[in-house]
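Here is the structure we will look at, set down as structure tokens.
The values are calculated or read from the model by the stated rules, or taken from the named source; none is laboratory data. Only a predicted model underlies this, so the values are computations on that prediction, with no experimental measurement involved. So basically every Cβ, Gly included, is an ideal-geometry build from the backbone, and we count neighbours across all protein chains shown.
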Amino acid sequence: MRILVADDVEVMRISLDHALRSAGHDVSLVGTGNAALALLQESRFDAAVLDLWMPDGDGLSVLRRIRDKQPELRIFVITGGGPRLPIEAAALISEIWGAERVFIKPFDEEELLASLRRPL
């Protein structure tokens, strides 16, 4: 599976890169929402893992733009959560904006891998 990972925290990108590649996936890493959108213009991916809070804009605006261009792309949102993201907000991100699942950091990478293996 070709997977795009967009997170502004380098340690998170490296950790996800290792976990996803170890599971046999082809991974592309970017640190901003704009870089994610640019790469999605150039290449096709099977899934994207997007941080909700990035320095060049929030993940929701990136998510909406991706949905407009590639509605079939499987999208998983990751976020620091905390008081900014109650459970109801996570559910709305999935329901309204089409994220397949929202993971609150720190999360178990095995759960993400299991979600990627599940069919739509």
Task: One residue from Ile87, Ile93, Ile66 being at pLDDT 85 or above and not aromatic (Phe, Trp, Tyr) - done: Ile66
- [ ] Kindly indicate the residue of the range 36-47 that is of a type outside the set (Ser, Thr, Tyr) and over 21 Å from Pro119 (Cβ atoms) and also surrounded by the most Cβ atoms within 10 Å (Cβ to Cβ) among those meeting that condition.
- [x] Ala36
Open item on the list: I'd like to check something: does the range 37-48 contain any residue that is modelled with pLDDT under 85, of a type in the set (A, V, I, L, M, F, W, C) and under 25 Å from Val11 (Cα atoms)?
Closed with: no
Task: Selection count where residues are in contact with a Phe, Trp or Tyr (Cβ under 8 Å, 6 or more places away or on another chain), surrounded by 20 or more Cβ atoms within 10 Å (Cβ to Cβ) and not in a helix (DSSP H, G or I), scope the range 48-74 - done: 3
TODO: Just name the residue that is farthest from Pro119 (Cα to Cα) out of those in the range 19-30 that are touching a helix residue (DSSP H, G or I) at 6+ places or on another chain (Cβ under 7 Å) and crowded, with 18+ Cβ neighbours inside 10 Å.
DONE: Val30
- [ ] Under 8 Å between Cβ atoms, at least 6 apart or on separate chains: pull out the pairs that start in the range 3-14 with a residue that is without any contact (Cβ under 8 Å) to a residue 60 or more places away in the chain and end on any residue that is of a type in the set (Lys, Arg) and surrounded by 19 or more Cβ atoms within 10 Å (Cβ to Cβ).
- [x] Val5/Arg13
TODO: Go through (1) modelled with pLDDT under 95; (2) surrounded by fewer than 20 Cβ atoms within 10 Å (Cβ to Cβ) one by one and return the number of the condition Gly33 breaks.
DONE: (2)
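Let me confirm something: among Leu4, Leu16, which residue is surrounded by 17 or more Cβ atoms within 10 Å (Cβ to Cβ) and assigned to a strand (DSSP E or B)? Can you show your working first?
Details: Leu16 fails: assigned to a strand (DSSP E or B).
Step by step, each of Leu4, Leu16 is checked, and only Leu4 is surrounded by 17 or more Cβ atoms within 10 Å (Cβ to Cβ) and assigned to a strand (DSSP E or B).
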